[in-house]
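A.B. asks: Have a look at this one before I ask anything.
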Amino acid sequence: MSVIGEENVRGGAVFRDINADDEDSQPTEIESLCMNCYKNGTTRLLLTKIPFFKEIIISSFSCPNCNWSNTEIQSAGRIQDQGITYTLKIKSKQDMNREVVKSDSATTRIPELDFEIPPYTQKGALSTIEGLLDRAVAGLEQEQPLRRVSAPEAAEKIEEFIEKLKKLKDVESEFTLVVDDPSGNSFVENPMAPQKDEALTVTHYNRTDQQDITLGLKAEEEEEEEKPGNDLDSMRNEVLRFNTNCPGCNAPASTNMKLVQIPHFKEVIIMATNCDACGLRTNEVKSGGATEQQGTKITLHITDPSDMTRDLLKSETCGILIPELEFEMGMAALGGKFTTVEGILTDIKDLIVSKNPFLCGDSSTADRTQKLKEFGQKIDKIIEGNLNVHLVLDDPTGNSYIQNVYAPDPDPEMTTEKYNRTFEQNEDLGLNDMKTEGYQE
């Protein structure tokens, strides 16, 4: 029996970065049964890591007897804290070339055709929009010869639907593609990065109990644990600690949680995770209060390197804008953070440049790589104090904050604007359907 050491499981030799010079990171070949001709073929497995998509298992099967082949990709990393939904408006043939990482648990929908590919009916794949459509067409055509004999009417209707799917590739009219993945491990390419893609909407959401059960995160008969008491006085003076898994190497780790009062602002909950196995340290901030009556837009004019040391609180619902760089980042992209101005700029650079999955390998282009490299250089200039810009925090819940170094006097380099939320913002926050008065009736 082969035994894998604990140090290997935690990111040592099992999952390696793709490197042409690494002779050890070669695919593993396994003789396996071909399900087409029932003779022996070869399966190749490659365990590797790609930025922003964690660990993956790439498998490829080929049969020398009948020439049948099959490839698929599986996520071997941790399930993300939230599910994710990508909604893409496809307006041109160029959009058909966008790259997509679709996990097993993802649901793919085209509302205009009332078409849906349920989760776990297809293997995970790294493909394009056109590739997803071709795969759907191939799946529908697979049983057509049998249907034409046993159910001619159904076969005719399916044939008509297949023609509609094929016509979508010509993009004669605009249509919508929705990829909904409760595991959070699917991705749709933004070719305009680091700028905002107006055609692509990314939404993070909390999973339902049923989705947790389907993903194996919760037992079906598991009873709800008793909720801790809401004693704020004890929470203010105590650091709560609970066990979790490291988001980097999936090894057992611990998370500390503390209720903190920020001067001239409000109470927040800071959660910090420290992994002894790989040394990863992360922190996350949750609002400790209610949603404010109005949204808040904070604009800081960065004119001096000392501005980098200002404390900054970004809630999960806060968007970030840098007008001089034509940069806009939506809510939930970086999660909640309690850091500094320099820290948030560094996180933005890491997310857009260092961890961009389409910046390396065959999926990258020279123009895109150069554009993102220039963006990273501009962020470095801001941090060094060589480029003056405006940093804007736009939080519809009013739970974000930038330190006023002149407090309690007004800060000449910072403006804070209160505004009324739009109906769409209230809808995204779930406030339109929330009833706070007379709910017992």
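Please treat every number below as a calculation from the coordinates, not as lab data. All values derive from a computational prediction rather than experimental measurement. Counting neighbours? That spans all protein chains shown, and the Cβs are built from the backbone with ideal geometry, glycine included.
A.B. asks: Chymotrypsin sites (Phe, Trp or Tyr not before Pro) within region 98-171: which are DSSP loop residues with at most 15 other Cβ atoms inside 10 Å?
C.D. replies: Numbers: sites: PHE115, TYR120, PHE161; in loops: TYR120.
When the chymotrypsin sites (Phe, Trp or Tyr not before Pro) of region 98-171 are filtered for loop state and at most 15 Cβ neighbours within 10 Å, TYR120 remain.
A.B. asks: Ok, one more. Filter the GluC sites (Glu not before Pro) in region 278-322 to those in DSSP coil with at most 16 other Cβ atoms within 10 Å of their Cβ, and list the result. Please list the in-between numbers first.
C.D. replies: Numbers: sites: GLU284, GLU292, GLU316; in loops: GLU292, GLU316.
Taking region 278-322 and a limit of 16 other Cβ atoms within 10 Å, the loop GluC sites (Glu not before Pro) found are GLU292.
A.B. asks: For the peptides 382-388, 62-68, what is the packing order when you average, over each peptide's residues, the other Cβ atoms within 10 Å and list the highest mean first?
C.D. replies: 382-388, 62-68
A.B. asks: How many angstrom separate the Cα center of region 308-330 from the Cα center of region 151-167?
C.D. replies: 49 Å
A.B. asks: Using the Kirkwood radius over C-alpha pairs as Rh, can you work out the diffusion coefficient of region 64-220 via Stokes-Einstein at 10 °C, viscosity 1.306 mPa s, in µm² per second?
C.D. replies: Working: Rh = 17.2 Å.
Rounded, D is 93 µm²/s.
A.B. asks: A further question on this structure: Sketch the reach of a paramagnetic label on GLU72 as a point 7 Å from Cα along Cα-to-Cβ, and name the residues of region 135-166 whose backbone nitrogen lies under 19 Å away.
C.D. replies: Output list for this probe position: 135-143.
A.B. asks: Also, I was wondering about something else. Taking every Cα atom in region 298-342, find the radius of gyration and the maximum pairwise distance Dmax, and write them in Å.
C.D. replies: 11.0, 28
A.B. asks: With θ set to phi - 60°, apply the Karplus curve 6.51 cos²θ - 1.76 cosθ + 1.60 along region 295-312 and write out the HN-Hα couplings as whole Hz, x wherever there is a Gly or Pro.
C.D. replies: x, 10, 10, 9, 10, 10, 8, 7, 10, 9, x, 5, 5, 5, 8, 5, 5, 9
A.B. asks: What list of ³J(HN,Hα) values in whole Hz, one per residue of region 240-253 in order, does the Karplus curve 6.51 cos²θ - 1.76 cosθ + 1.60 (θ = phi - 60°) give from phi, with Gly and Pro shown as x?
C.D. replies: Running phi through 6.51 cos²θ - 1.76 cosθ + 1.60 with θ = phi - 60° gives 7, 9, 9, 7, 8, 10, 5, x, x, 10, 6, 7, x, 9 Hz.
A.B. asks: Here is a further query. Using alpha carbons only, how many angstrom separate the centre of region 59-108 from the centre of region 370-432?
C.D. replies: 35 Å
A.B. asks: What are the residues whose amide H is under 5 Å from the amide H of ASP104, where those residues sit 5 or more places off or on another chain and H is modelled from the backbone?
C.D. replies: SER75, GLY124
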